[in-house]
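Reading through the structure tokens given below for one structure.
The values are calculated or read from the model by the stated rules, or taken from the named source; none is laboratory data. Because the structure is predicted, anything quoted here is derived from the model rather than measured. A quick note on method: Cβ atoms are made from the backbone with ideal geometry, for glycine too, and the neighbour counts reach across all protein chains shown.
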Amino acid sequence: MISPGDSLPIDELLAALDEQVDLLERKRSQLAELSAALIARNDDATERLLGELEQTEAVQRAADMRLGAVRSAVAAALGAAAVHVRLAELIEYLPSAQAAAVRQRRQHIIRKAAALRAEHLRTVLHLAEAARINRLLLESLLPGGESVVTYGARGSDHWRPEAGLVDTEL
């Protein structure tokens, strides 16, 4: 345990953890907006959100570097190598008030990361479904190829047109 007189950059660590929480929420929100834009077929919003996500990733890389530097400083003050000190382990060495603050941030990060993973999965599913529908539409409109599977009220029907709905020959 660290004695009260020891100097640890805990305020910097808490600020870096708060920044991680904010970035996770920002990315989750951006992915939710992206899903909504994809569903609404709003190309302008989709392009804007993809740009915002790219900018957020740049901010995330810088925040990760700051957190790594602060974690290294705390680890050095503890006399341990930074690669071996995780937040869960660090909490064990801190005075109770500081440990509680770090524990709270860690729990926020865990919850926000789980929410981000869930939103990411929803967005991926929306993209996959949009690609499937686009592929189905193209197969239905253009001549040739294999039969197209469509679904009606009674299940699947196979439709193989003699020619596509669009004449691609000029």
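Selection of first residues in the range 22-41 that are in contact (Cβ under 8 Å) with a residue 24 or more places away in the chain and closer than 14 Å to A128 by Cα and of second residues that are among the basic types (K, R) and assigned to a helix (DSSP H, G or I), restricted to Cβ pairs under 8 Å at least 6 apart or on distinct chains, gives the following pairs, ordered by first then second residue: S35/R122. In the range 120-146, the qualifying residues are those that are of a type in the set (D, E) and either in a loop (DSSP other than H, G, I, E, B) or at pLDDT 80 or above (or both), and the one that is surrounded by the fewest Cβ atoms within 10 Å (Cβ to Cβ) is E146.
Of the residues making up the range 67-83, not a single one is modelled with pLDDT of 90 or more, within 17 Å of the chain's Cα centre (by Cα) and not acidic (D, E).
Restricting attention to the range 91-112, the residues being surrounded by 15 or more Cβ atoms within 10 Å (Cβ to Cβ) and in contact (Cβ under 8 Å) with a residue 40 or more places away in the chain number 10. In this structure, is L116 under 26 Å from the mean Cα position of the chain (by Cα) and within 17 Å of R28 (Cα to Cα)? In short, yes.
Looking across the range 2-30, the residues that are modelled with pLDDT under 95 and either touching an Asp or Glu at 6+ places or on another chain (Cβ under 8 Å) or among the small types (G, A, S) (or both) come down to S3, G5, S7.
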